[in-house]
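Notes follow the structure.
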């Protein structure tokens, strides 16, 4: 099987790349060639995909059993890809996001039929628009799309949490180990699903070449569902922190202090969410998520500890968190003065 990954060096796609090579897939990566992130066994194609004419020349003569688009975020990206891959790809995988699902008025357990509505986050709104454009392309031109909706997926290079520094996620662990206060949003009891990238890879790669997947959408997540308090304490345990200094702050308060986080919270992580993976398991029976968070986060922390160069700290986010915590403390003191005098 001959497969093209557009991108292929991110947290999720790296795991899928390694798994594909283990499966014996003939795998190509198309990227701009700006970073030395090539993986042995992968055949590299170099082009800026937004330069359509150059990319057409680079791709000329290739026929793909599957193309996986990891880095499309706007309907314009889909328009470009329709020009590039119509007629030369048996499957086109669009990596969407589980944040497209409506969070209110629908059951806690999400299926692929849960409406795609997110009024809080433009990232999700653009992913929804991409999905809609692909459906139209299939109806009008027979374009063979497959939609994939990952939820929060992590691996050796990302420490996942609700209040985080992107992409310098080690900042959270550094605060834990330094004894600094770390924020848990709300009361910490809303439920969430974290997926290890090696589990995700089994699901995605199992759909490659499966004709029954065409025209369908799939989320691919863990079956384990924990609350944010659990995740916070498991991260602390993996980091060797016996007495973490966690502070619960209402999500409304966090967003009032940092409006840019509204999408991440109201549009994604503040609502309890679990996923019914029956659909992906019907087509890919070997997809049986194995990595529980306690094990996965220990791998992540160990990987960072083994490679100190990865331990980049986001100083700006540290300052922002300290300001939020200080504002919250002032509010608490004002409340105590008002009600306990």
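Rounded, prolate or oblate: which fits the stretch 10-52 when a ≥ b ≥ c are the square roots of the eigenvalues of the alpha-carbon gyration tensor, with rounded for a/c under 1.5 and prolate only if a/b beats b/c? Spell out each step's value before the answer.
Working: a/c = 2.08, a/b = 1.78, b/c = 1.16.
Prolate is the answer for the stretch 10-52, as a/c is 1.5 or above and a/b outweighs b/c.
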Percent of Cα-Cα distances greater than 27 Å, calculated over the stretch 2-155: 25
Of 65, 305, 223, the one that fluctuates the most in a GNM where the chain has Cα springs shorter than 10 Å: 305
Average silhouette area of the stretch 62-218, convex hull of alpha-carbon atoms, in square nanometres: 11.1
Binned Cα-Cα distances of the stretch 287-341, short to long, each 5 Å bin given as a whole percent: 4, 15, 10, 11, 12, 12, 12, 9, 9, 5, 2, 0
Rounded, prolate or oblate (a/c below 1.5 giving rounded, otherwise prolate when a/b exceeds b/c) for the stretch 31-109 by Cα gyration tensor: prolate
Reciprocal mean inverse distance between Cα atoms of the stretch 205-327 - Kirkwood radius, Å: 17.9
Rh by Kirkwood over Cα pairs, then Stokes-Einstein D for the stretch 2-337 at 1.002 mPa s and 20 °C, µm²/s: 102
Cα pair distances of the stretch 216-255 binned at 5 Å [whole percent]: 5, 16, 17, 17, 16, 14, 7, 4, 1, 0
Separation of alpha-carbon centers, the stretch 134-204 and the stretch 98-130, rounded to whole Å: 15
GNM flexibility winner over the chain from 26, 224, 316 (Cα, springs under 10 Å): 316
For the stretch 256-302, alpha-carbon Rg and Dmax in angstrom: 16.1, 45
GNM flexibility winner over the chain from 68, 284, 100 (Cα, springs under 10 Å): 284
Prolate/oblate/rounded call for the stretch 133-241, Cα gyration tensor, a/c under 1.5 rounded: prolate
Rounded D (µm²/s) - the stretch 178-249, Kirkwood Rh over Cα pairs, Stokes-Einstein at 37 °C, 0.692 mPa s: 222
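Since every read-out is calculated from the coordinates, none of them should be taken as a lab result. Everything numeric here is computed off the predicted structure, so don't read it as measured data.
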